Every structure is written in C-alpha cells, then in structure tokens.
Amino acid sequence: MKMRFCPLCATPLVVRELDGRPRQTCPACGFINYENPVIAAGCLIEQEGQVLMVQRRYPPRVGEWTLPAGFVEWDESPEEAALRETEEETGLRVVLQGLFGVYNWRHAFGGGHNDNGVLIIYRAAIVEGTLRAGDDAQAVAWFPPDRLPERIAFSSHRAALAQWLAQREAAPLSG
C-alpha cells in the first residue's frame, strides 16, 4: 500500500532503491515500507462428486461465486482461517484433510492492501452443521463438475477449480 508519511515518525516518505526494488523509505528513522502480499485461506469441500461454493454478498464481485475462503487474521494460522471462514460462510464445521493447492492473485481492486495475495486451499470434510448462507454470503450451493457457475469471482479460485477438474479427469475421486 502506498503511504505518504512514515507510520513511525510522520516524516514524508521517499523512494529509494533497496534490494533491487524501488521502496518507500523514511529518511529520518529508516522505516521501509515493504509491500507484501496478503494471505487468504479456504476449503475445497467435495461431496457426492460436487463442490461447495459460496455466492458473494459484498464487493468486490457481488453475486459471483467462490470457494469458502477469506483473509487470514493476524492472530491465526492459515488452517484456522480456513476453518473459521468455512463455518462463517456456510454454517458447516469441517476437518481439514491436507493441502489442496496454493494460488496467487493480482487484482486491480483499487483498495491497496489486498490487490496482491496468496490463497491457500485445503481439502476438507464436513463434521457437523447445517448448510446455510452466513456472514458475507448471499447463497451456498453444491455444483457438479459439468455445471460450475459461469461467474467465478477470482482468478485464484478459478485456478483451484481448474485443478479440481483436472484431478477428477485424471483419477475420479469417490465421495
């Protein structure tokens, strides 16, 4: 995120070449504004050959579909975030069954901090709960591989679903 002033001493930031990149730095206290990607985590839940998806309620991409996922909070692990987001968005408690994939995104949302990130998707199985659209979801639904929604919100989710489809074609999963 571009800043104008140092968050430590309020001196106007200047751009200097550091580590082979232009970086905002503070000439007074030495603060360096490293622009790092944000981390998101979620779950790929498959049941009877279908995948669970969530329809977005809030911008960006209102009405489009994603896997249950969201940003990792500062005090939680990616695994904890995947479990929390899945329960918040779907009403389901799940158990993680291993890493499914890691995907990056670069979007021009214009919001700054979440324009560049990494999405970690875990395979998960339902433990308990009642399927319902919660939190920031308009709807939740199961989709068979040949009828995925046309409007999938983010490139990282499209990449995860493409991997899911490719794996099913290579070796169909039971379940």
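The values are calculated or read from the model by the stated rules, or taken from the named source; none is laboratory data. Since this is a predicted model, take the numbers as computed values, not measurements. Here the Cβ is made from the backbone with ideal geometry for all residues, glycine too, and neighbour counts use every protein chain on show.
Quick check on my filter: what residues within segment 113-122 are surrounded by fewer than 18 Cβ atoms within 10 Å (Cβ to Cβ) and at pLDDT 95 or above?
118
When you go through 35, 17 one by one, which is the residue that is on the phi < 0 side of the Ramachandran plot, in contact (Cβ under 8 Å) with a residue 12 or more places away in the chain and of a type in the set (D, E, K, R)?
Among 35, 17, only 35 is on the phi < 0 side of the Ramachandran plot, in contact (Cβ under 8 Å) with a residue 12 or more places away in the chain and of a type in the set (D, E, K, R).
Suppose we filter 46, 89, 85 for residues that are closer than 19 Å to residue 155 by Cβ and surrounded by 15 or more Cβ atoms within 10 Å (Cβ to Cβ); which single one remains?
85
Quickly run through segment 64-91 and pick out the residues that are over 19 Å from residue 131 (Cβ atoms) and not aliphatic (A, V, I, L, M).
Answer for segment 64-91, where residues must be over 19 Å from residue 131 (Cβ atoms) and not aliphatic (A, V, I, L, M): 64, 71, 73, 74, 75, 76, 77, 78, 79, 80.
So, in segment 126-172, exactly how many residues are at pLDDT 95 or above, assigned to a loop (DSSP other than H, G, I, E, B) and closer than 16 Å to residue 87 by Cα?
4
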